[in-house]
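In what follows, a single structure is set out as structure tokens and then discussed.
The values are calculated or read from the model by the stated rules, or taken from the named source; none is laboratory data. All figures in this text were calculated on a predicted structure; none of them were measured in a lab. Note that each Cβ is placed from the backbone with ideal geometry, even for glycine, and that neighbours are counted across all protein chains shown.
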Amino acid sequence: MSSRPSYVVFQGSQNFRLRIMLATLSGKAVKIEKIRSNDLNPGLKDYEVSFLRLMESVTNGSAIEISYTGTTVIYRPGIIVGGSVTHNCPMSKPVGYFVEPMLYLAPFSKRKFSIVFRGCTASHYDAGIEVIKWGLLPVLERFGVRECALHTLKRGSPPQGGGEVHLIVDSLIPQPITMHNLDRITIASIRGVAYSTRVSPSMVNRMIDAARKVLKPVNCEVNISADVWRGENSGKSPGWGITLVAATKKGWCVFAEDIGDAGDVPEDIGTKVAYQLLEEISISGAVGRNQLPLAIVYMIIGKEDIGRLRITRDQIDEKFIHLLRDIKSIFGSEIYLKPVDDDDTGDLIAMVKGVGFTNTSKKIA
Amino acid sequence: LKGSQNRRRKWDIGKLIYMDNIPPRECLKRWRNEDVGDEEEEGSDIEQDEGEGFFKKNDGSFSKAHDYEGDLERFSPYFDKIEKLMEKWSSLDSLKDRFIGVPKPEDSK
């Protein structure tokens, strides 16, 4: 298919960050073609270019070529070096868009990651701050990345932004631990944060009340805190949102989040997120749908050993298939899905053999 | 798709995922037996061996218009409309075994 056999070739703008990250981890060059080639605005968007710049600053020796029209990118990865960086995110995407891929790379870096991201801190489609802090970092912890933190220095709601978060990843590990999780999550407690910037704190309490009302019948400890930001540190725009996290005793969790727009009623958002959390719990196997890519990638780059993760039938969606296909194109390894045989839930066990990736900057004993 | 007449009844999702010529949405449909539009449901070919030769090459799958549901660039997952969710979770019985501290209907663990 490809004219240049030295690249792994992809087409389309989908999974852009994932492909770049997988390329970086595997050390293979990728070529992504036909990026929005049929679009009215063809080529890379500003946030994707910004992401490539970020990749350039946390790696050493990366080469990025972008064609004139921006519809083709060739990326030759260097090694991950990390360090202290400040990244100004464009207004079109919140910081979560940039922090999320960094989580895949940070533990395998030469130096510790300490990146300050400036920009919006919330949106409808990307990971919020609390979701990263309470939903994604716990997943990393399961793979042996214990010392990582995301500090919120300033919040900035869309559209004006003005927020600032600081990602610190202090544990540098040679490779992720092989992980087995064969149990469905059993929720022990539900936590949450409702935040607001530059609006009345009553919005926060109204969201909390609505969410608590929905979650009351589950008969579980519900603890939602209010986080009201005022003055200098609350960014340039008014905004509010809620994140709910349902956690097990062992620290696995699933979550749901949303933010309010102008004209939304806080009660509606609180109710909606609470119901979405219930839905997500019902769909989730060992991890939620949002955490699945992170978990699978960490399992793939693990030791040459079989890791196991329980997933439900509902979790096999288009994203999941795209993820596995992209992983196969780059790492060449497939995962094996085995039905669970000791109960009748119809769940599957994803058995993943690690590719034996090692952090290039670490000596293996 | 009308082209794939010789469909098996039961698909192995593990194999379907890696059949690159089938777009993911189609994979899911086949796996869940959703597109029962045409009349190949006799049940005679359940145990037939799979073979990629059945399917027409569908190489346009990646260049198609933006498919947000399948795009990992979008972090938040798909949820049904709030009205549907409210209806679905008006009773929490099916979720009972996912919480600690709620008495289970029977000892299933």
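Evaluated against (1) modelled with pLDDT of 95 or more; (2) buried (at least 22 other Cβ atoms within 10 Å of the Cβ); (3) within 14 Å of chain B (Cβ to nearest Cβ), A:S50 falls short on exactly one condition, (2). Within region A:194-216, if we keep just the residues that are within 14 Å of another protein chain (Cβ to nearest Cβ) and within 26 Å of the chain's Cα centre (by Cα), the residue that is nearest to A:S282 (Cα to Cα) turns out to be A:L215. The residues of region A:323-338 that are within 7 Å of another protein chain (Cβ to nearest Cβ) and among the basic types (K, R), listed by number, are A:R325, A:K328.
Right, A:I311: surrounded by 18 or more Cβ atoms within 10 Å (Cβ to Cβ), in contact with a strand residue (DSSP E or B) (Cβ under 8 Å, 6 or more places away or on another chain) and facing chain B (nearest Cβ under 7 Å) or not? So A:I311 fails the test.
Looking only at region A:272-280, decide whether some residue is surrounded by fewer than 20 Cβ atoms within 10 Å (Cβ to Cβ) and among the hydrophobic types (A, V, I, L, M, F, W, C). No - not one qualifying residue is present in region A:272-280. Listed by position, the strands (runs of 3 or more DSSP E) contained in region A:274-365 that have at least 3 residues being of a type in the set (A, V, I, L, M) are A:306-311, A:348-353.
May I ask you to verify whether A:D209 is at pLDDT 95 or above and not polar (S, T, N, Q)?
Numbers: at pLDDT 95 or above: yes; not polar (S, T, N, Q): yes.
Judged against the criteria, A:D209 is a match.
Summed over region A:162-190, the residues that are within 21 Å of A:E280 (Cα to Cα), part of a strand (DSSP E or B) and either within 14 Å of another protein chain (Cβ to nearest Cβ) or among the hydrophobic types (A, V, I, L, M, F, W, C) (or both) give a count of 4. Contact map, region A:236-260: residues that are away from every other protein chain (no Cβ under 13 Å) and among the aromatic types (F, W, Y) paired with residues that are in a strand (DSSP E or B) and crowded, with 24+ Cβ neighbours inside 10 Å, Cβ distance under 6 Å, separation 6+ or inter-chain. Pairs shown: A:W240/A:S196.
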